[in-house]
Amino acid sequence: IYFARNKKYRLAPESYSPFNSQATLWLPEAFPLMFLPLGITDRVTDILRGYIAPACLWGVGKTLAVASPTVYQIRNAHNLLRDFTQEADLYQYADTWSRLLLTLQGNTPAACYTSALQLLIQGGYLDARNLDVYSRFAKAAQAAGVPIPHAA
C-alpha cells in the first residue's frame with residue numbers, strides 16, 4: 001500500500017479516526033492524553049487511548065491532525081486469529097465507547113482523561129486501578145518537568 005505524500009488532515013469535532021502510538025507526535029499540552037489504560041490487551045489499550053485523546057482534545061477546543069506517513073514499516077509475522085481475539089473488545093465496544101466519550105467533562109486534558117477513565121470504569125470496561133495509576137502518571141510527569149496542567 002502506498003499513501004499520498006505531504007497530506008495533512010484535521011479531524012472535525014466528533015469525527016473519530018483512532019490512532020496508535022507508532023510514528024505519533026505529541027505536543028506538550030497533549031501529554032496528559034498519552035496514558036495507556038491498564039487491564040486490557042496491548043492491542044486494545046493503544047486504540048482505546050486513540051478514542052479518548054481526540055474526545056478530550058475536542059473538549060478543550062483542539063483536535064487531532066493526521067499527516068501522510070513519515071516512516072516505512074516492514075511488518076513482522078502475525079497470527080491473525082490471535083490478533084483478532086486480542087482485539088475483540090474493539091469490535092464489540094468501539095461504537096459504545098465513541099458515543100460515551102462524547103459526553104466527557106473536564107476543562108483540561110488531564111481532567112478530561114480522568115473523566116474518561118471514570119466513565120469507562122463505571123461502564124465496566126476498565127478496572128478502577130486506572131484512576132490511581134493515572135494520578136501517579138500525571139504526578140510523575142509533573143515532577144519530571146513535563147507540562148501536565150491541572151493533573152489529577
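The values are calculated or read from the model by the stated rules, or taken from the named source; none is laboratory data. What you see is a predicted model, and the numbers here were worked out from it, not measured in a lab. Cβ: placed from backbone, ideal geometry, glycine included. Neighbour counts: every protein chain shown. Note: areas computed on protein heavy atoms with side chains; ligands, DNA, RNA excluded. Shrake-Rupley method; radii C 1.70, N 1.55, O 1.52, S 1.80 Å.
Observations on the model:
- Gain in span if fully extended, Ala140 to Ala67, counting 0.36 nm per residue against the direct Cα distance: 23.2 nm
- Answer label, with volume of the Cα convex hull per residue in Å³ calculated from the coordinates and candidates (1) 102; (2) 153; (3) 129: (3)
- Rounded to the nearest whole Hz, the Karplus-based 3J(HN,Hα) values (6.51 cos²θ - 1.76 cosθ + 1.60, θ = phi - 60°) of the stretch 85-99 follow the sequence 4, 5, 9, 3, 4, 4, 5, 7, 10, 4, 5, 4, 4, 4, 6, with x at glycine and proline.
- Exposure of Val60 as accessible area (Å², to 10), given a probe of 1.4 Å and all protein chains: 50
- Euclidean distance of C-alpha centroids, the stretch 7-31 and the stretch 60-121, integer Å: 11
- The charge dipole of the stretch 27-113, taken about its Cα centre with unit charges on the Cβ of Lys, Arg, Asp and Glu (plus for the first two, minus for the last two), comes to roughly 100 debye.
- Remark: the stretch 28-39, residue by residue, has Karplus-estimated 3J(HN,Hα) of x, 5, 9, 3, x, 8, 7, 4, 9, x, 9, x Hz, where x stands for each Gly or Pro and the curve is 6.51 cos²θ - 1.76 cosθ + 1.60 at θ = phi - 60°.
- Counted by Cβ distance under 13 Å from Tyr51, the other residues give a net charge of -2, where Lys and Arg count +1 and Asp and Glu count -1.
- Per residue, in Å², the accessible surface of the stretch 54-152 once ligands and nucleic acids are set aside, probe 1.4 Å: 61
- Projecting the Cα atoms of Leu131, Ser98, Ala88 onto the charge dipole of the stretch 74-147, computed from C-beta unit charges around the Cα centre, puts Leu131 farthest toward the positive end.
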